[in-house]
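What follows is a set of notes on a single structure, which appears directly below.
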Amino acid sequence: MSMEIVQILTGPFALALLAYIVLVATLAFAVHPMRREMILLGEELLADPALKPRHRDAINLLMDTCMSFRVGLLLPVAVLSVLADEVLKREVHVPGDDSLMNDPRFDRFLTRHILSIAAINPIATAIAMVLMIPTVAYSFAIGRDRTRAIVEEPLLRASATMTGRAQCAA
C-alpha cells in the first residue's frame, strides 16, 4: 500500500521537476545573447570616466550576480522590504544625481539583468513580480510615482544581500 502512495507522489513530482529543469535550460539558452549584451553594456558603462563610484559599484554588483540562482530566491524578500519602506514612507532610492538612471545603456543593462535572473529562477521571479504589483499600486495610491525605484531596488538589495556587500543604490 505505501509503495503505491510513493509511486503516485513521485510520478507527478518527478515529471514536474523534469519540466522545470527543461524550462530553466530553455530559458538559459534563450537569454544567453542578452547576457552577453548585458556584460558588454556593463563594460561600456564602467569604461566611462565620469561614472560615479556608487554607480560603478552598482554595475559591478549586478554584473557579478547576473547568473545567481540565490538572487532570484531573495527577490521576493527584497520586494517585501521595499513595500515596507513605501508604507513607512522611507526613501527607496537615494536622491540626487540620476545621471546613470537617464542613460539608455543602463536601461538596457538593467533589463537584461532582470531577464537573466528570471531565466535562472523563474518561480521566485514570478513571485517577486506578483508581490511588486501591490507595492507599485500602493506607491501610486499615496501619490508617489516611484515605479522605477521600486523595480530597481529589490535587484540591488537581493544582489547585495547575496554577496554580503554593503547596500549600493544605482
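Taken one residue at a time, the phi angles of the range 16-22 give Karplus couplings (6.51, -1.76, 1.60, θ = phi - 60°) of 5, 5, 4, 4, 5, 4, 5 Hz. Gly and Pro are set to x. Estimated at 0.36 nm per residue, the fully extended path between GLU44 and GLU4 surpasses their Cα-Cα distance by 8.6 nm.
No lab work stands behind these numbers, since they all come straight from the coordinates. Predicted model, so just to flag it, every value in this text is computed and none were measured.
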